[in-house]
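The values are calculated or read from the model by the stated rules, or taken from the named source; none is laboratory data. The model shown is predicted, which means the values in this text are computed figures rather than measured ones. Glycine also receives a Cβ, built like all others from the backbone with ideal geometry; neighbour counts cover every protein chain displayed. Just so you know, the surface numbers come from the protein's heavy atoms only, side chains and all, with ligands and any DNA or RNA stripped out. Shrake-Rupley method; radii C 1.70, N 1.55, O 1.52, S 1.80 Å.
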Amino acid sequence: MKYSIGQTSKIVNLAQSVLRFWENEFKQLAPEKTDGGTRKYSDDDIDIILKIKDLLYVQKYTIEGAKEKLRRLKDNH
C-alpha cells in the first residue's frame, strides 16, 4: 500500500516538514513521486522513517551519526 505524506505524517507522528527534510538528508528515504510531484510512501519507507526517528529522538544520534548507523545496518544485510 502507498500512503500520502499526510497519512504518513499521522502514522509516524511527525510533521510533514520533517519528512521532507529527512528525505533530503537520508538517501535511504526515497518515496515514489507521481508526475505531479506528490509523494507516495511505502511500508518500507515508513519502516525507514521509524528507524530514523528512533536513532534521532530515542538514541540521540546526530543526523550524521544516524546516516552512518543506517549505512552500517544496510551493509550488514
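Structure data summary
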{"item": "All positions within the stretch 55-77 that are open to solvent by 50 Å² or more (accessible area, probe 1.4 Å) and of a type in the set (D, E, K, R)", "result": "60, 64, 68, 69, 71, 72, 74, 75"}
{"item": "Residue 46 vs. criteria free of Cβ contacts under 8 Å to residues at least 60 places away in the same chain and buried (at least 16 other Cβ atoms within 10 Å of the Cβ)", "result": "yes"}
{"item": "Hey, residue 56 part of a helix (DSSP H, G or I) and under 14 Å from the mean Cα position of the chain (by Cα) or not", "result": "yes"}
{"item": "Candidate set: the stretch 14-30, residues that are touching a residue at least 24 places away in the same chain (Cβ under 8 Å) and in a loop (DSSP other than H, G, I, E, B); chosen: the one least open to solvent (accessible area, probe 1.4 Å)", "result": "26"}
{"item": "Condition check for residue 41: of a type in the set (Ser, Thr, Tyr), more than 18 Å from residue 72 (Cα to Cα) and surrounded by fewer than 18 Cβ atoms within 10 Å (Cβ to Cβ)", "result": "no"}
